Each structure stands twice: as C-alpha cells, then as structure tokens.
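Peer 1: Attaching a single structure in structure tokens format; questions to follow.
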Amino acid sequence: MSLSVSGLPAGATGGFTPASVTGSGTSTLSISSSNTTPPGSYPLTITGTSGSVTHTASVTLTVNGTCVTATSGGPWQNTAIAAQTGTFTAIFDTTPSASPLNAVVALSNGAQTAYTAFATLVRFNPSGDIDARNGGVYSALSVIPFAGGKTYHFRLVINVPARTYSIFVTPPGGTELTVGTNFGFRTEQNTVTSLDHSGAFVNTSNPGSLMTCNFAIP
C-alpha cells in the first residue's frame, strides 16, 4: 500500500518512512515546516492506496510560531527566510520588555550586524513610541505609544523592486494602525534586490529585551 498526505500548508513538506507498507505494517509520517509556514491548525488527509482500493484517515497539524529574543548588550538575532524579490507581505508579533526601549525588527539581504545593512526597520523608540525607518530618518504618521510586556502584531507590505514598504501595527486589544505608507528602504539599501533574512536588535542605550514570534510570509 502506497501512502500520501494532502492539505499541508505553505512551506511544509511531508514524507513517510517507509513510503509504503505491506499487510499490517506501519509507517511514520514526518512533517517539516519553514519560516514561511503560517502558524495555525491544518486538517490533513492521509491516503493509503493499493490497486483500486483506497483508505483515508484525518489528522490535524498544529504549527506553532517560533520566537527569537534580542537583549540589550547582545548580538543581532538573524533568521533566514525565503528569498523575496517582488512585492510581499510579512507578519510577526513583537513584545518589548519595557517602555521606552530602543529596539528594531528589520529585514535584510543576508545575515547582518549593523543598522545600515537592513532595508526595512520597525522600531520601539526611546520616546516610548513605534516608528519605522523612512530613507534616512525614523518617522511615523501618528504617535503610537507602546507598553512593556504587551504584544504588538505587525504587518508589512514590502515592494522590493520599488524599495518601499508600508507598515501597520495592531496594539493589544486594539485595531490596526498605520505607522507609515510607502516608506523608503533605508538609504544605504536603496539598491538591494532581494530580502532573505529578518533581524532583531536592542540597543544598550535603553536596557531591555525584544521577543519576536510567529514571523510568516502568508
């Protein structure tokens, strides 16, 4: 009997060991996810086929988003993502440990260790507000305060060929707010053609930590 699985989410792959069974044999299904797999619960269908006879079984796959924590005095925390060269959306949840803070979540080409090497940067700033890099400066369309220990959901719509991005944030218990529309990539990255890493960093000027979870490209 040959075995197959359907219903896997984006970025996930599955395989059986062994790939087929005979009689009352058993097989183990192994599933691997990636940074592009959105967190959630997914119904999967396992199908066994032997000639004209088929049998199915249903299981549920639960994908929990991974978390990365950056701390003041610590290094940049870089995570590889699927390379993006066009227009795409990135989402993630971020929890600052304190307010004010001086911390960023950013996207880059390759793993990087300097602010200037990142194209898009959203920031929990030393004034206790959320802003984002727009070319050579940080700015925001309105004042959006943040609190320590609270989780903020970000949605970035990024146009790599145009080197622009729009930033949206949903505070806990609130509605989505616009941080910026069509902001330019950081000036030093205005020729970048691909983004394939996310990074997080907390400056020592404001001690604390920043936890980023559930990064996904839906």
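The values are calculated or read from the model by the stated rules, or taken from the named source; none is laboratory data. Model, not experiment: these values are computed from the prediction. Neighbour counts run over all protein chains shown; Cβ positions are idealised from the backbone, glycine included. Quick note on the areas: whole protein, heavy atoms, side chains included, nothing else; ligands and nucleic acids left out. Shrake-Rupley method; radii C 1.70, N 1.55, O 1.52, S 1.80 Å.
Peer 1: For segment 1-90, with all protein chains present and a 1.4 Å probe, just round the carbon and sulfur fraction of the accessible area to a whole percent.
Peer 2: Its accessible area is 52 percent carbon and sulfur atoms.
Peer 1: Alpha carbon centre of segment 98-128 versus segment 1-38: separation in Å?
Peer 2: Segment 98-128 and segment 1-38 have Cα centres separated by 38 Å.
Peer 1: In addition: Highest GNM mean-square fluctuation, the chain, Cα pairs closer than 10 Å: which of Thr95, Thr193, Thr69?
Peer 2: Its mean-square fluctuation being the largest, the pick is Thr193.
Peer 1: Tell me which of Thr187, Val157, Ala57 sits at the most positive position along the dipole axis of segment 50-188, charges placed on C-beta atoms (Lys, Arg +1; Asp, Glu -1).
Peer 2: The listed residue farthest towards the positive side: Thr187.
Peer 1: Follow-up. Quick one: which residues, 5 or more positions from Asn109 or on another chain, have an amide H under 5 Å from its amide H? H modelled 1.01 Å from N in the peptide plane, none for Pro or chain starts.
Peer 2: Ala119, Asp196
Peer 1: Turning to a different aspect of this structure: Given contacts defined as C-alpha pairs under 8 Å and at least six residues apart, what's the relative contact order of the chain, whole-number percent?
Peer 2: Over the chain, the number comes to 27 percent.
Peer 1: Carbon and sulfur together cover what percent of the accessible area of segment 124-201 at a 1.4 Å probe radius? Mind showing how you got there, number by number?
Peer 2: Values: 1710 of 3280 Å².
Its accessible area is 52 percent carbon and sulfur atoms.
Peer 1: Compare Val160, Val53, Val5 by solvent-accessible area with a 1.4 Å probe and give them largest first, with all protein chains kept in place.
Peer 2: On the way: Val160 0, Val53 90, Val5 35 Å².
The ranking, largest first, comes out as Val53, Val5, Val160.
Peer 1: Determine how large the accessible area of Ser2 is when every protein chain is in place; take a 1.4 Å probe and give Å² rounded to the nearest 10.
Peer 2: 60
Peer 1: Right, here's the next one. Under 5 Å between amide H atoms, partner at least 5 residues away or on a different chain: which partners does Ser99 have, H built in plane at 1.01 Å?
Peer 2: Gly148
Peer 1: So, one more: Would you check the accessible area of Leu3, probe 1.4 Å, heavy atoms only, in square angstrom rounded to 10?
Peer 2: Using a 1.4 Å probe on the heavy atoms, I get roughly 40 Å².
Peer 1: Ordering Cys213, Cys67 by accessible area with a probe of 1.4 Å, largest first, what comes out?
Peer 2: Cys67, Cys213
Peer 1: Per residue, how large is the accessible surface of the chain? Use a 1.4 angstrom probe and give square angstrom.
Peer 2: Ligands and nucleic acids excluded, the figure is 46 Å² per residue.
Peer 1: What figure in square angstrom, to the nearest 10, would you give for the accessible area of Ile46 with a 1.4 Å probe?
Peer 2: Near enough 40 Å² of accessible area.
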